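Quick one: this structure, given as structure tokens, is what I'll be asking you about.
FYI, it's all coordinate maths here, none of it is from the lab. Keep in mind that this is a model prediction, so the values were computed, not measured. Glycine also receives a Cβ, built like all others from the backbone with ideal geometry; neighbour counts cover every protein chain displayed.
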Amino acid sequence: MAVTPVDLSNTKILITGPTGQVARPVVEALAKTSRVTALARFSDPKQQAELEALGVATVKADLADRESLSGCPTDFDYVLNFAVVKSGEFDYDLKANAEGVGNLMTHCKGVKAFLHFSSTAVYEYAGHEPRSESSPLGDNHRVMFPTYSICKIAAETVCRFVAHQQGIPTTIARLSVPYGDNGGWPYFHLLMMKEGIPIDVHPEQPNTYNLLHADDYIEKIPYLLAAATEEVTTTNFGGSQAVSIEEWCAFLSELSGYDPVFNPNPKAFGALQIDTARMHELIGETKVDWRDGIRSMVQALSPELIRS
């Protein structure tokens with residue numbers, strides 16, 4: 001039975017990584033009902049100004065630098081950690097991602113719940129077998145993002161350690177493939193199809209994932225926070241429907257008239273379907289059908305590409 005979602009109305013929420021594709025819709029949605037603070041390095045002042053125009057308080061800080069957090073308040077009800085660094089340099093990326101979550105949790109140790117967004121990139125490649133939360137971990141994304149998987153695994157470990165040491169109710173949510181009206185992996189594929197650029201796919205087809213629409217992950221955040229415990233709740237977090245790259249590209253072809261050109265490449269990301277049993281038990285099923293989500297995405301970003 002799913003948990004009862006927390007009421008986020010008028011609560012104080014800290015969101016890290018707020019300018020990223022995944023977190024930005026969350027910031028915009030929660031800013032309407034909650035008192036949101038956005039923390040980032042804000043190398044682009046324009047992005048900071050855009051968030052402040054939404055009524056969001058901003059804090060300029062680097063999670064890799066514990067001292068830079070001194071200007072950040074500590075009296076938050078909830079923290080949503082979307083921050084991720086992918087510079088490709090192991091020393092800095094481990095410091096920013098793994099030590100960074102420790103710095104953040106220690107700074108905000110009085111929260112009611114801490115929600116850390118990890119990734120299914122922590123799982124070892126296992127062909128078409130759906131990965132459960134207890135499946136073996138591995139360096140899944142090494143070919144394209146050399147530090148990514150290792151940093152995500154390290155960040156989860158630090159997150160659990162601090163939660164246990166400080167008694168912080170915590171949930172770790174392993175994101176599958178997030179997307180929405182502001183883009184995502186399927187949109188990149190559409191642009192590649194338009195330009196006739198081959199799309200790398202693993203030879204062990206179909207390459208299946210669990211697309212997660214922004215509407216669904218926004219709706220499920222109060223459930224994930226409610227599921228937080230000091231022992232740390234870890235769950236996969238993707239769409240309830242499994243769908244392959246080949247399937248969503250075929251649907252994009254129906255919408256646009258552009259045909260995908262697939263390039264079988266053993267170095268491409270392989271299938272990474274998740275076992276949704278624990279997720280469904282905790283937070284219930286997602287609602288957005290992947291076809292509806294992709295149609296909405298294309299309509300929002302490139303309506304001219306939809307053939308009449």
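Report the residue, chosen from Ser149, Ser34, Ser43, that carries the largest GNM mean-square fluctuation when the chain is represented by alpha-carbon nodes joined by springs under 10 Å.
Ser43
Among the listed pairs Lys46/Lys109; Lys46/Lys267; Lys32/Lys220; Lys32/Lys86, which are separated by more than 27 Å between their Cα atoms?
Details: Lys46/Lys109 31 Å; Lys46/Lys267 37 Å; Lys32/Lys220 17 Å; Lys32/Lys86 30 Å.
In this structure, Lys46/Lys109; Lys46/Lys267; Lys32/Lys86 exceed 27 Å between Cα atoms.
Rounded to the nearest 500, what is the chain's calculated 222 nm mean residue ellipticity when only DSSP H runs of at least 4 contribute -39500 (n - 2.57) each, over all residues?
Working: 10 runs with 104 residues, N = 308.
Counting only the DSSP helices, I get -10000 deg cm²/dmol.
Around Lys86, under 12 Å between beta carbons, what's the net of Lys plus Arg minus Asp minus Glu among the other residues?
Numbers: positive: Lys152; negative: Glu89, Asp93.
Summing Lys/Arg as +1 and Asp/Glu as -1 gives -1.
A further question follows. If the elastic network links every pair of Cα atoms under 10 Å, which of Ser87, Ser132, Ser240 fluctuates the most in the Gaussian network model of the chain?
Ser87
Can you tell me what share of the DSSP beta bridges in the chain is antiparallel? A percent to the nearest 5 is fine. Mind showing how you got there, number by number?
Details: 6 of 41 bridges.
Beta bridges within the chain, antiparallel portion: roughly 15 percent.
Just want the ordering: Ile150, Ile306, Ile172, from fewest to most Cβ atoms lying within 10 Å of their own Cβ.
Working: Ile150 23, Ile306 13, Ile172 26.
Arranged by neighbour count, lowest to highest, Ile150, Ile306, Ile172 become Ile306, Ile150, Ile172.
Write down the percent of antiparallel bridges among all DSSP beta bridges whose residues are both part of region 135-278, to the nearest 5. Numbers along the way, then the final one.
Values: 5 of 16 bridges.
Counting only bridges with both partners in region 135-278, antiparallel ones make up about 30 percent.
What do you get when you divide the Cα radius of gyration of region 264-308 by 2.2 N^0.38 Å, with N the number of residues?
Working: Rg = 16.0 Å, N = 45, 2.2 N^0.38 = 9.3 Å.
It is 1.71.
Now, a different point. What is the sum of charges around Gly110, taking Lys and Arg as +1, Asp and Glu as -1, for the other residues whose C-beta is under 10 Å from the C-beta of Gly110? Provide the component values of the computation, followed by the final result.
Working: positive: Lys109, Lys112; negative: Asp75, Asp77.
Within the 10 Å Cβ shell, the charges total 0.
Å³ per residue of the Cα convex hull, for region 62-130? Write down the numbers at each step before the final one.
Working: hull volume 7.0 nm³, N = 69.
Once divided by residue count, the hull of region 62-130 is 102 Å³.
Now a separate question. Give me Met279, Met144, Met192 sorted ascending by neighbouring Cβ count inside 10 Å, so fewest comes first. Numbers along the way, then the final one.
On the way: Met279 28, Met144 13, Met192 18.
Listed from fewest to most nearby Cβ atoms, that is Met144, Met192, Met279.
Now for a different question. Rounded to two decimals, what ratio of Rg to Rh does region 215-308 give with C-alpha atoms and a Kirkwood Rh?
1.06
Report the net charge of residues surrounding Ala98, where surrounding means a beta-carbon distance below 10 angstrom and charges are Lys +1, Arg +1, Asp -1, Glu -1. Kindly include the intermediate steps, with their values, before the conclusion.
Numbers: positive: Lys95, Lys152; negative: Asp93, Glu99, Glu156.
That works out to -1.
I want to verify a result. In a Gaussian network model of the chain, Cα cutoff 10 Å, which of these has the top mean-square fluctuation: Pro178, Pro146, Pro73?
Pro73
If you rank Trp185, Trp248 by fewest surrounding Cβ atoms within 10 Å, what's the result?
Trp185, Trp248
Any lysines with Cα under 16 Å of the Lys112 Cα? List them, leaving off those in the same chain fewer than 8 positions away.
Here the lysines satisfying the reach criterion relative to Lys112 are Lys12.
As a test, work out the antiparallel percent of DSSP beta bridges whose residues both lie in region 115-200, rounded to the nearest 5. Write down the numbers at each step before the final one.
Details: 3 of 8 bridges.
Among the beta bridges of region 115-200, antiparallel pairing accounts for roughly 40 percent.
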